[in-house]
1. Report the residue count in the stretch B:176-206 for those that are open to solvent by 60 Å² or more (accessible area, probe 1.4 Å) and under 20 Å from the mean Cα position of the chain (by Cα).
2. When you scan the stretch A:9-17, do you find a residue that is outside any helix (DSSP H, G or I), more than 7 Å from chain B (Cβ to nearest Cβ), in contact with a Pro (Cβ under 8 Å, 6 or more places away or on another chain) and open to solvent by 10 Å² or more (accessible area, probe 1.4 Å), even just one?
3. Of the residues B:79, B:43, B:63, which single one is at pLDDT 95 or above, surrounded by fewer than 22 Cβ atoms within 10 Å (Cβ to Cβ) and under 16 Å from the mean Cα position of the chain (by Cα)?
4. Return only the number of the condition from (1) buried (at least 17 other Cβ atoms within 10 Å of the Cβ); (2) within 10 Å of chain B (Cβ to nearest Cβ); (3) out of contact with any Lys or Arg (no Cβ under 9 Å at 6 or more places or on another chain) that residue A:171 does not satisfy.
5. Given the options A:12, A:21, name the one that is touching a Cys at 6+ places or on another chain (Cβ under 8 Å) and either at negative phi or touching a residue at least 40 places away in the same chain (Cβ under 8 Å) (or both).
6. Limited to the stretch B:103-159, what total is found for residues that are hydroxyl-bearing (Ser, Thr, Tyr) and open to solvent by 10 Å² or more (accessible area, probe 1.4 Å)?
7. Just give me the residues in the stretch A:18-52 being in a strand (DSSP E or B), closer than 22 Å to residue B:32 by Cβ and more than 7 Å from every other protein chain (Cβ to nearest Cβ), in sequence order.
Protein chains: 2
Amino acid sequence: MHVVIPLYPGFTALDAVGPYTVLAFAPGWTVTFAAPAPGPVLDDRESLTLTAAAALADVPRPDVVLVPGGPGTAQAMGDPVLLDWIRAAHEHAAWTASVCSGSLILGAAGVLAGRRATSHWGVVDGLAGFGAEPARERVVVDGTVVTAAGVSAGIDMALELLARTSGADTARAVQLVVEYDPDPPFDSGNAERADAALREAALGLI
Amino acid sequence: MHVVIPLYPGFTALDAVGPYTVLAFAPGWTVTFAAPAPGPVLDDRESLTLTAAAALADVPRPDVVLVPGGPGTAQAMGDPVLLDWIRAAHEHAAWTASVCSGSLILGAAGVLAGRRATSHWGVVDGLAGFGAEPARERVVVDGTVVTAAGVSAGIDMALELLARTSGADTARAVQLVVEYDPDPPFDSGNAERADAALREAALGLI
C-alpha cells in the first residue's frame with residue numbers, strides 16, 4: 001500500500017508523524033510526504049521542518065490519502081492545487097483519511113458531502129458546512145473515508161486502517177513494536193469531560 | 001524552557017515528534033532539532049526527513065535534552081560528537097530525557113550509571129551494561145533523568161515532564177489541545193501481556 005501524506009505550511013507535526021510511523025512499520029506499506037512542490041515544509045510551531053519528497057503531481061494515484069490538520073488548515077483549504085489533487089486521488093484511493101482539522105480540507109475538496117466525519121473538538125461542528133454530519137468520535141469510518149479527532153487520534157486511526165487493510169495480526173504487531181500501551185498522567189484529553197476553563201486554556205495554546 | 005532534540009540517521013520519527021508536539025504547544029517552551037551539523041536527517045524507515053535547524057555546538061546549554069531512539073541508535077552510540085554533547089549538556093540541564101532506545105545513547109554517554117531507567121521492551125535489559133537498573137515501566141524518573149519506553153511512550157513522558165516543570169494545569173491543557181484520549185483498537189501494546197509469537201512478529205518489523 002502506498003500512502004501519500006500531503007504537507008502544507010502550518011500543519012501540526014504529530015498529526016502527520018503519528019500515523020506515518022504506524023503505517024511505515026507495516027510490511028508492504030510505504031509512505032511518501034508530498035506538497036505542491038517538493039522541499040521543506042514548516043509546521044505550526046515554526047520549529048519543525050519536514051521534507052516533502054515529491055510533488056503532488058508526481059504521486060497522483062496513492063492507495064491511501066492521509067491529510068494532517070493544524071492551524072495552517074485555513075489557508076490550505078483555499079489551495080486549488082491541494083484540493084484538486086485530493087479530489088482526483090480520492091476517486092481511486094482505497095482510503096481517504098484525515099487527522100484533526102485535516103477533515104476540513106477533505107470537506108473543502110468535496111469529499112465529505114453526505115458522510116459522517118470527525119475532527120478536532122474545537123472545529124468539528126464546522127464540518128456541517130461541507131454537507132457532512134459531524135461526529136464527536138475518535139475515529140469515524142464512512143465508506144472509504146476515515147477521519148480522526150485531534151492530533152494524537154491519528155495513531156488510533158492508523159491502527160484501525162492497518163487492521164482493516166492488512167488484518168488484525170499486523171496491526172497488533174505494529175502496536176507492540178511502537179509500544180502503544182498509552183498511560184497519560186491525566187484524564188484530560190476528552191473535551192466532553194473537560195470544564196469550560198480547561199477548554200478555553202487548551203484552545204488558547206493554538 | 002529550551003528543549004534540544006538531537007537527531008541522527010535512523011531515528012524513529014514518532015520518538016522525536018510525539019514529545020516535540022506536546023512540549024512545543026506549552027507556553028514558554030521552545031524546541032530546537034539539532035545534529036552534529038545542521039541539515040536534513042533521514043529516519044529509520046528512510047522515508048521521512050526532518051531538518052536539524054542547529055549544530056549541536058550551537059546549542060550547548062538547553063534546559064531539556066531529549067534523545068529519541070530508533071535502529072540508528074547502534075551507530076549513534078559510537079558518535080563522540082553526540083556523546084560529548086549529551087554529557088556536557090546534561091551537567092546543566094534541568095532534565096535529560098530519552099524515548100525508546102535513546103536511553104542506550106544516554107547510557108553510552110555515562111548518564112545512566114546508578115540510575116533506574118527504561119527503554120523499548122526489546123532492548124531494555126541492555127541498560128544494565130551501562131550500570132543502570134533496567135525498569136520495565138512506561139516512564140521512569142530518577143533525579144533529573146527521565147526515560148520512556150518504546151516510541152509512543154514519549155508522549156506520556158512529555159506530559160509528565162510538563163506537569164513537573166510547568167504544573168498540572170498546563171499539562172492538562174496541552175493534553176486536551178492534542179486530544180490525547182487514547183483508544184487503541186487492540187490491547188497489544190505491552191510486551192509483558194503479549195505472547196512469544198506476537199513479540200517475534202513485532203521485533204521482525206524493525
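1. First pass over the stretch B:176-206, keeping only residues open to solvent by 60 Å² or more (accessible area, probe 1.4 Å): B:183, B:187, B:192-193, B:195-197, B:199-200, B:203-204, B:206.
Retained after the next criterion (residues that are under 20 Å from the mean Cα position of the chain (by Cα)): B:203, B:206.
Residues flagged as open to solvent by 60 Å² or more (accessible area, probe 1.4 Å) and under 20 Å from the mean Cα position of the chain (by Cα) within the stretch B:176-206 amount to 2.
2. yes
3. Working: B:79 fails: under 16 Å from the mean Cα position of the chain (by Cα); B:43 fails: surrounded by fewer than 22 Cβ atoms within 10 Å (Cβ to Cβ).
Sole residue among the options that is at pLDDT 95 or above, surrounded by fewer than 22 Cβ atoms within 10 Å (Cβ to Cβ) and under 16 Å from the mean Cα position of the chain (by Cα): B:63.
4. (3)
5. From the options A:12, A:21, the qualifying one is A:12.
6. Total meeting the criteria: 1.
7. First, the residues of the stretch A:18-52 that are in a strand (DSSP E or B): A:30-35, A:39-43, A:49-52.
The next check asks that each one be closer than 22 Å to residue B:32 by Cβ; those that pass are A:33, A:39-43, A:49-52.
Hits for the stretch A:18-52 are A:39, A:41, A:42, A:43, A:52.
The values are calculated or read from the model by the stated rules, or taken from the named source; none is laboratory data. Here the structure is a predicted model, which means the values were calculated and not measured. Neighbour counts run over all protein chains shown; Cβ positions are idealised from the backbone, glycine included. These area figures cover heavy atoms from the full protein model, side chains too; ligands, DNA and RNA do not enter into them. Shrake-Rupley method; radii C 1.70, N 1.55, O 1.52, S 1.80 Å.
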